[in-house]
1. Can you name the residue in region 52-80 that is touching a residue at least 40 places away in the same chain (Cβ under 8 Å) and surrounded by fewer than 18 Cβ atoms within 10 Å (Cβ to Cβ) and is also nearest to VAL477 (Cα to Cα) among such residues?
2. If I ask for residues that are closer than 23 Å to LEU276 by Cβ and surrounded by 14 or more Cβ atoms within 10 Å (Cβ to Cβ), which ones from region 238-253 would you list?
3. Only residues in region 367-388 that are under 17 Å from GLU500 (Cα atoms) count as the first member; pair them with residues that are among the acidic types (Asp, Glu) and buried (at least 18 other Cβ atoms within 10 Å of the Cβ), Cβ under 9 angstrom, at least 6 apart or cross-chain, and list the lot.
4. Take the conditions over 30 Å from TYR178 (Cα atoms) and touching a residue at least 40 places away in the same chain (Cβ under 8 Å) and apply them to VAL216. Does it pass?
5. Quick check on region 364-419: of everything there that is among the hydroxyl-bearing types (Ser, Thr, Tyr) and more than 26 Å from LEU491 (Cβ to Cβ), which residue is surrounded by the fewest Cβ atoms within 10 Å (Cβ to Cβ)?
6. Could you look through region 461-478, keep only residues that are in contact with a helix residue (DSSP H, G or I) (Cβ under 8 Å, 6 or more places away or on another chain) and of a type in the set (Gly, Ala, Ser), and pick out the one that is surrounded by the most Cβ atoms within 10 Å (Cβ to Cβ)?
7. Of the conditions (1) assigned to a helix (DSSP H, G or I); (2) out of contact with any helix residue (DSSP H, G or I) (no Cβ under 6 Å at 6 or more places or on another chain); (3) not β-branched (Val, Ile, Thr), LYS202 clears all except one; give me its number.
8. Residue under question is LEU122, and the condition is that it be surrounded by 19 or more Cβ atoms within 10 Å (Cβ to Cβ), modelled with pLDDT of 95 or more and either in contact with a Cys (Cβ under 8 Å, 6 or more places away or on another chain) or among the hydrophobic types (A, V, I, L, M, F, W, C) (or both); does it hold?
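The values are calculated or read from the model by the stated rules, or taken from the named source; none is laboratory data. Values in this document were obtained by computation on a predicted structure and should not be read as measured data. Backbone-built Cβ (ideal geometry, glycine too); neighbour counts: all protein chains shown.
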Amino acid sequence: MFLTDSQLLSYQRCTRKAFLDVYGDFTQQDSPSDFLLKLIKDSSQFRSTIINNYNYHKPDYPHGDIIAGANATESLMAAGVDVIYRGVLFLQQNSNLLAQNFPQTSTEIPVNSKPNNQGVNLEANHNFESINFVSYPDLLIKKPGYSRFGDWIYIPTDIKLSKRPKLEYQIIATFHAYILASIQENWPETSWLILRKKGLYKVNLLQRIQQMQETVSELIEVLQKRQEPEVFIARQKCSLCTWYNSCHTVAQTQKHLSLLPGVTPSRYQVLKQLQLTNLELLANANPDDLENYDEFADAVSIQVVQQAQATLKNKAILKTKRFSLESNSKFRLTKLVNSPVELYFDIEAQPEISLDYLHGVLVVDKRQKTEKFYINLAENPLDEELIWYQFLDLVWKYPIAPIYHFCEYEIQTVKRLAKLYQTPAYQWKPLLKRFIDIHQVVTQTITLPVESYALKNIARWLGFEWRNPEANGAQSVCWYEEWLKSGDRSLLDAIVIYNEDDCYATYYIKEWLSKFLEENANSNSL
């Protein structure tokens, strides 16, 4: 059995993904999305910029031959080269005693001492006679010290596009150090991460050893049992996974509670303890019983039960008065505005580099019964300031019109651009009072039978469809980046169509919501 650093990383993100990557039906796996491919490419480019600063050696071995790669890496270590790029670390151990290089206590890393015999003990009934640990640190950097090779020691280093030292990366860095300690017969004093903005980050091995041990043991148990883990759809984590559609189909078939907005992994564990494991049981549950648990405090219990009720009945439900009072204790209840002219605003952006390249505005004149879409598009990133002022000129043509948008990004962007381009306060601050967040109005007033309260989920439930079903914000980023490289205007056209549909979807939801709230104005719920 082989256990690699990439499997360990996958397991930390999703138990089911780690299992499917080994035993899954690969005909059910999706091709990587353009955005995932972009992230992989960006990560590779960042790694290259860092690697170019080093004079390194790379082990030479036949592709895929792990043992040959490990031997070639060890030969470079024995020769004492300064830097090894993409070395292969390999360790084989018996299943009844793993991780024997770990410290005997949790008080110190045994630097400059030989590995001891404490470790993760597996039960005797495991099927595999041995576990082959394999890891591929980006760099092995030579430092003064003591190892079986001489008066030097190697420190594992990973290069990550991430802005912060995520725990999952620190666990992998500790995994590198563990295998390396067995090979060089001495623990490195640390492992390093090189991050996009923080630069060099020193991993505290002492702090992470036990977590890594536990994670490795859990992963081995999952793989050896060969029992498919329960599905759980966590939208943000799952969105880029190539197993998403396969898992989502399973979840839909099971009517799994993870499809309900508000049901997080920790809350789901509480629901399982209470045996509220299906939609009907949860819909009929008493919110007061759930509120005794910290995970369901602050009216979360009401929210989750109502979400189950709306989904079970496939209908919109007004929030209860109790939930409304809880909501009002945190923020002002947003009201819709009836106006002869309404503006619907949506931005296309690359937040990672703080670039906003399209401001789309749909002007709905109810007096004239006209709808016109205006495009403020930066064909070059340097045009961001230009389209910002074009946007301001447009919205001030309608000085009292409400500006509808979906979620907070548009307001945040107005503040960012005003500060960046030193815009006089009178040109932008009054706009803030005109902004109305449709997402906030929806989530404050009604519960919908949707899997998330994202624009697409709500609008599609209401019957609205995008002209390009595959278009989304991440795809827009990919199209824009490709446009800058290729000059293919069809890519800009695709972005504009997508943005226009977003504006119309916001308009569609607002119109439906206004009618729904008016029809239910006398309800006792809200």
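1. So the residue we want is TYR54.
2. In the first step, residues of region 238-253 are kept if they are closer than 23 Å to LEU276 by Cβ; the result is 238, 247-248, 250-253.
Result: CYS238, CYS247, HIS248, VAL250, ALA251.
3. Going by the 9 Å Cβ cut-off, the qualifying pairs are PHE373/GLU500; ILE375/GLU500; LEU377/GLU348; ALA378/ASP356; ALA378/GLU384; ILE387/ASP356.
4. Details: over 30 Å from TYR178 (Cα atoms): no; touching a residue at least 40 places away in the same chain (Cβ under 8 Å): yes.
Spelling it out, it is not the case that VAL216 is over 30 Å from TYR178 (Cα atoms) and touching a residue at least 40 places away in the same chain (Cβ under 8 Å).
5. Let us first name the residues in region 364-419 that are among the hydroxyl-bearing types (Ser, Thr, Tyr), namely 370, 374, 389, 398, 404, 409, 413.
Cutting the leftovers down to more than 26 Å from LEU491 (Cβ to Cβ) gives us 370, 398, 404.
Values: THR370: 10, TYR398: 18, TYR404: 27.
For region 364-419, the residue satisfying everything is THR370.
6. SER476
7. Status for LYS202: all satisfied but (1).
8. Values: surrounded by 19 or more Cβ atoms within 10 Å (Cβ to Cβ): yes; modelled with pLDDT of 95 or more: no; either in contact with a Cys (Cβ under 8 Å, 6 or more places away or on another chain) or among the hydrophobic types (A, V, I, L, M, F, W, C) (or both): yes.
It is false that LEU122 is surrounded by 19 or more Cβ atoms within 10 Å (Cβ to Cβ), modelled with pLDDT of 95 or more and either in contact with a Cys (Cβ under 8 Å, 6 or more places away or on another chain) or among the hydrophobic types (A, V, I, L, M, F, W, C) (or both).
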